[in-house]
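Step one of this worksheet: look at the structure below.
The values are calculated or read from the model by the stated rules, or taken from the named source; none is laboratory data. Quick caveat: nothing in here was measured; it's all calculated off a predicted structure. Here Cβ is always computed from backbone atoms with ideal geometry, including for glycine, and neighbour counts include all displayed protein chains. In case anyone asks, the SASA skips ligands and DNA or RNA and just uses the protein heavy atoms, side chains included. Shrake-Rupley method; radii C 1.70, N 1.55, O 1.52, S 1.80 Å.
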Amino acid sequence: MREIFAGMPWWVKWIAVPVIAIFVFGGLIASVVGFVISLLFKALIFVVLVGGLIFVVRKFMSSSSSRGDW
């Protein structure tokens with residue numbers, strides 16, 4: 001592979017080949033990036049919901065134990 005690119009100008013290696021790769025694999029790259037961002041967003045929502053649930057349960061348990069009617 002190096003022998004093929006050895007005789008090529010610099011712009012073929014550093015501009016034309018990446019542009020062709022993005023053109024060919026652009027949809028795949030966008031799908032993977034979208035999937036990763038979606039997964040991170042869902043993980044963040046999960047952490048926030050679990051944290052909120054723990055906060056509410058602790059708040060409820062501390063208020064109910066301070067009343068002493070249990």
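Scanning for something open to solvent by 100 Å² or more (accessible area, probe 1.4 Å), under 23 Å from the mean Cα position of the chain (by Cα) and at pLDDT 90 or above, does region 11-22 turn up at least one residue?
Yes, there is a match, as at least one residue in region 11-22 is open to solvent by 100 Å² or more (accessible area, probe 1.4 Å), under 23 Å from the mean Cα position of the chain (by Cα) and at pLDDT 90 or above.
In this structure, does SER63 turn out to be small (Gly, Ala, Ser) and either assigned to a loop (DSSP other than H, G, I, E, B) or loosely packed, with under 10 Cβ neighbours inside 10 Å (or both)? Full working, then the answer.
Values: small (Gly, Ala, Ser): yes; either assigned to a loop (DSSP other than H, G, I, E, B) or loosely packed, with under 10 Cβ neighbours inside 10 Å (or both): yes.
Yes.
All but one of (1) under 22 Å from the mean Cα position of the chain (by Cα); (2) open to solvent by 100 Å² or more (accessible area, probe 1.4 Å) hold for SER31; state the number of the condition that does not hold.
So SER31 meets the others, but not (2).
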